[in-house]
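The values are calculated or read from the model by the stated rules, or taken from the named source; none is laboratory data. Computed from a predicted structure; not experimentally measured. Every residue, glycine as well, gets a Cβ built from its backbone with ideal geometry; the counts of neighbours run over all protein chains shown. Heads up: the accessible areas ignore ligands, DNA and RNA and are worked out on the full protein's heavy atoms, side chains in. Shrake-Rupley method; radii C 1.70, N 1.55, O 1.52, S 1.80 Å.
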Amino acid sequence: MEIGVYSYQELCFPGPHELYFKNLSKRKNQVMEKNGNNRKLRVCVATCNRADYSKLAPIMFGIKTEPEFFDLDVVVLGSHLIDDYGNTYRMIEQDDFDINTRLHTIVRGEDEAAMVESVGLALVKLPDVLNRLKPDIMIVHGDRFDALALATSAALMNIRILHIEGGEVSGTIDDSIRHAITKLAHYHVCCTRSAEQHLISMCEDHDRILLAGCPSYDKLLCAKNKDYMSIIRMWLGDDVKPKDYIVALQHPVTTDIKHSIKMFELTLDALISFNKRTLVLFPNIDAGSKEMVRVMRKKGIEHHPNFRAVKHVPFEQFIQLVAHAGCVIGNSSCGVREVGAFGTPVINLGTRQIGRETGENVLHVRDADTQDKILQALHLQFGKQYPCSKIYGDGNAVPRILKFLKSIDLQEPLQKKFCFPPVKDNISQDIDHILETLSALAVDLGGTNLRVAIVSMKGEIVKKYTQFNPKTYEERINLILQMCVEAAAEAVKLNCRILGVGIGGGIIHQHELIHGSSFCAAELGHLVVSLDGPDCSCGSHGCIEAYASGMALQKEAKKLHDEDLLLVEGMSVPKDEAVGALHLIQAAKLGNVKAQSILRTAGTALGLGVVNILHTVNPSLVILSGVLASHYIHTVKDVIRQQALSSVQDVDVVVSDLVDPALLGAASMVLDYTTRRVY
């Protein structure tokens with residue numbers, strides 16, 4: 001079952017389409033309202049199953065409303081005419097369409113051989129029908145084996161073909177069939193800009209491609225059925241509430257039937273364990289469907305109190321069911337293509353829809369090889385509400401398609417022209433990335449060393465890189481870039497997906513990291529604590545960093561060392577070792593008064609900065625981290641007692657006990673932001 005959007009706030013396919021038709025009319029001097037022969041266009045719409053009818057029906061209604069331009073013939077074949085799949089031809093009759101021809105083309109068996117024989121049977125029967133109807137154009141939808149027989153027959157009989165939803169990418173044999181129909185078709189109606197680009201890259205003539213959006217969206221946007229509760233009760237029971245049930249729709253994968261049946265079995269086990277009311281639709285007629293039904297019956301799904309197993313749900317009711325579900329699970333294209341328009345969470349299992357464009361509501365479980373992985377996906381997705389996706393249309397597909405049909409000049413030759421433009425790639429979520437390999441690059445700019453680390457989502461340092469800190473700013477920046485590039489390259493080998501690079505301190509409010517409007521919140525090191533303080537690397541004066549950072553202390557240590565004022569009894573610095581903050585700390589511990597004064601000033605500057613933070617955001621906890629934290633904490637506490645308002649003096653100030661807290665903190669800024677969802 002294929003469905004479309006529920007609602008939109010704005011159009012996602014504006015102006016260029018009108019420009020396209022204006023340019024087309026300039027080339028032809030007029031829009032061919034009654035085509036080149038100055039007569040009605042005879043259109044044959046052939047529908048094979050419940051899924052393609054949901055896309056073709058809006059076009060059929062549109063054609064029917066303009067009898068002065070079109071004659072419509074309807075041919076019904078495939079699983080529409082099989083009782084086990086719901087006898088769905090009846091919904092075509094209920095929509096008040098005259099079915100011109102019924103063709104029984106399915107050879108039962110639900111295996112690979114039966115699919116081939118069904119295509120052959122259709123090829124035997126279709127020529128007589130097409131000879132009798134003599135259509136000017138045949139409208140074919142999608143990627144089913146029945147549609148391939150239709151397109152092959154029409155192409156060999158020199159009948160123009162309009163293909164709906166070409167250019168999309170998915171998995172299994174459907175991809176090959178869809179692209180084969182594209183090569184047979186003369187005109188193309190696609191749903192997304194990426195699909196349009198794919199058609200262009202497949203050498204199709206751009207002038208014969210219409211980017212219209214999904215036709216089923218037109219019907220959805222006109223549906224005003226708000227009585228969804230009665231529909232939910234009808235199909236799932238009186239005790240079920242919105243967002244507290246699951247819709248499951250899973251089909252066999254014809255290129256790996258054995259694995260897809262095993263995956264279906266694992267899915268049912270996970271759904272039984274998850275213990276939510278679930279509406280399970282029977283699979284389509286592809287090879288392997290009979291075995292999937294056997295799995296359902298073996299597990300007692302049809303009699304299980306938590307499950308409702310059905311062969312078919314009327315389209316308008318199916319819309320309401322998925323719109324108000326807590327989750328949709330399976331491998332049907334309706335999940336990855338259309339359910340996102342409702343913001344309903346989707347779990348896409350296996351490879352059947354591997355290349356589809358998706359909204360952020362879709363979580364892929366590509367290797368659905370364990371019940372636990374599917375169960376984890378259910379726990380991650382169930383009950384969420386995502387933003388509505390605008391990938392596949394705006395509800396104005398049918399008017400565009402009708403205008404496109406009117407523009408077809410039947411006097412033009414059928415021979416196709418070709419071109420070769422580029423095509424974009426698509427990126428989606430993957431549960432393996434979410435559970436295992438999300439990571440960040442963390443950068444720590446110490447006084448002595450620069451450090452870069454790959455940090456996993458679990459807070460584990462996967463690999464760490466350390467280099468001596470160069471003397472000049474330019475050298476430091478170049479070295480940081482070099483280290484990040486090396487770490488990113490190594491991350492690929494370690495199967496880590498780098499989400500970003502983090503540097504800096506942070507403020508946590510209500511268990512979430514504060515990022516600010518331009519991702520610069522909590523630049524604590526650049527709070528100014530003195531108007532006439534030392535120069536800071538940021539270009540200002542008197543920042544905390546200019547007093548208390550490792551580089552600032554290194555600078556002070558070097559100055560003392562150059563004046564022979566650093567070393568005291570019991571200290572030495574090898575000639576090949578750079579003077580750094582640790583030498584200053586050692587000198588202070590051994591009684592060097594000047595070193596003690598520098599550390600006290602640095603701690604005071606840090607303390608004043610903390611006081612400013614206390615007065616601004618009033619935190620309950622202040623955590624100091626890094627090798628210098630233990631040397632500053634007492635001075636910071638003294639400054640708070642002396643300078644802070646009494647209402648904030650009770651704040652806890654502690655030293656972090658984490659290993660490499662600077663690296664972990666920097667990584668958390670990236671990982672928190674990039675994996676957080678805001679609704």
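Spin-label pair D239-N275: with each label point 7 Å from Cα along the Cα-Cβ axis, the two points sit 1.3 nm from one another. Per-residue extension of 0.36 nm, minus the Cα-Cα distance of D98 and L582, leaves a gain of 165.4 nm for this segment. Per residue, segment 196-296 exposes 37 Å² of accessible surface when a 1.4 Å probe is rolled over the protein heavy atoms with every protein chain present.
Legend: calculated FRET efficiency, E569 to N618, from the Cβ-Cβ distance at R0 = 45 Å, rounded to 0.05, equals 0.45. If the chain linking K464 and D650 were pulled fully straight, counting 0.36 nm for each residue of separation and taking away their Cα-Cα distance, it would gain 63.2 nm. When the chain is described by a simple charge dipole with +1 on each Lys and Arg Cβ and -1 on each Asp and Glu Cβ, the residue from I261, L621, V398 located farthest towards its positive end is V398. Each residue of segment 238-249 was assigned a 3J(HN,Hα) from its phi angle through the Karplus expression (A = 6.51, B = -1.76, C = 1.60, θ = phi - 60°), giving 5, 8, 9, 10, x, 6, 10, 8, 10, 10, 10, 9 Hz with x at Gly and Pro. Placing +1 on the Cβ of every Lys and Arg and -1 on the Cβ of every Asp and Glu, with no other charges, gives segment 65-141 a dipole of roughly 300 debye about its Cα centre. The simple spin-label model puts a point 7 Å past each Cα toward its Cβ; for H304 and D83 those points are separated by 2.7 nm. Note on K64/S518: beta-carbon distance plugged into 1/(1 + (r/R0)^6) with R0 of 45 Å gives a FRET efficiency of 0.25.
With no solvent and one equal point scatterer placed on each C-alpha of segment 157-218, evaluate the Debye formula and give log10 I(q)/I(0) for q = 0.23, 0.29 Å⁻¹, two decimals. Cα-only, vacuum Debye calculation for segment 157-218: -0.92, -1.31. Per the Debye calculation on segment 502-625 with a single equal scatterer at every Cα and no solvent contribution, log₁₀ I(q)/I(0) for q = 0.16, 0.23 Å⁻¹ amounts to -0.84, -1.30. What's the angle, to the nearest 10 degrees (0 to 90), between helix 289-298's Cα axis and the longest principal axis of the chain? The helix 289-298 is inclined about 70 degrees to the chain. Taking only the C-alpha atoms of segment 296-347, the Rg (one decimal) and the largest Cα-Cα distance, Dmax (whole number), read 12.3, 35 Å. Only Lys, Arg, Asp and Glu carry charge here, each on its Cβ (+1 for the first two, -1 for the last two); on that basis segment 442-545 has a dipole of about 500 debye about its Cα centre.
Computed from point charges on the beta carbon alone (+1 for Lys and Arg, -1 for Asp and Glu), the dipole magnitude for the chain about its Cα centre is near 1380 Debye.
With the helix formula -39500 (n - 2.57) applied to DSSP H stretches of n ≥ 4, the chain reaches a computed 222 nm mean residue ellipticity of -12500 deg cm²/dmol. Across segment 564-679, Cα-Cα pairs farther apart than 23 Å form 47% of the total. Please determine, in degrees from 0 to 90 and to the nearest 10, the orientation of helix 593-617 with respect to the longest principal axis defined by the Cα atoms of the chain, where the helix direction is its Cα long axis. Between helix and principal axis, roughly 40 degrees.
Estimated translational diffusion coefficient (Stokes-Einstein, Kirkwood radius over Cα pairs, 37 °C, 0.692 mPa s) of segment 59-150: 229 µm² per second. Heavy-atom accessible surface of segment 505-587, averaged per residue, reaches 62 Å², computed with a 1.4 Å probe. Sparsely packed loop sites in segment 515-592 (the GluC sites (Glu not before Pro) outside DSSP H, G, I, E and B with at most 10 other Cβ atoms within 10 Å) comprise E563, E569, E577.
Using the empirical formula 2.2 N^0.38 Å as the baseline, the Cα radius of gyration of the chain reaches a ratio of 1.27. Give the angle, between 0 and 90 degrees and rounded to the nearest 10, that separates the Cα long axis of helix 16-28 from the longest principal axis of the Cα atoms of the chain. Its long axis makes an angle of about 50 degrees.
Accessible surface of segment 488-601, 1.4 Å probe: 54 percent of it comes from carbon and sulfur atoms. For a 18 Å ceiling on Cα separation, which of these pairs sit above it: K262/K298; K64/K416; K290/K311? Table pairs above 18 Å Cα-Cα are K64/K416. Evaluated on segment 231-270, the Kirkwood hydrodynamic radius is 12.2 Å, with distances taken between all distinct Cα atoms. Think of the chain as a dipole: +1 on every Lys or Arg Cβ, -1 on every Asp or Glu Cβ, centred on the Cα centre; then among L658, G607, A552, L658 lies furthest on the positive end. Eigen-decomposition of the gyration tensor built on the alpha-carbon atoms of segment 154-285 gives equivalent ellipsoid semi-axes of 36, 22, 12 angstrom, largest listed first.
Does segment 265-372 come out rounded, prolate or oblate by the C-alpha gyration tensor, with a ≥ b ≥ c the root eigenvalues, rounded set by a/c under 1.5 and, if not, prolate when a/b is larger than b/c and oblate if not? It is rounded, given that a/c, with a ≥ b ≥ c, falls under 1.5.
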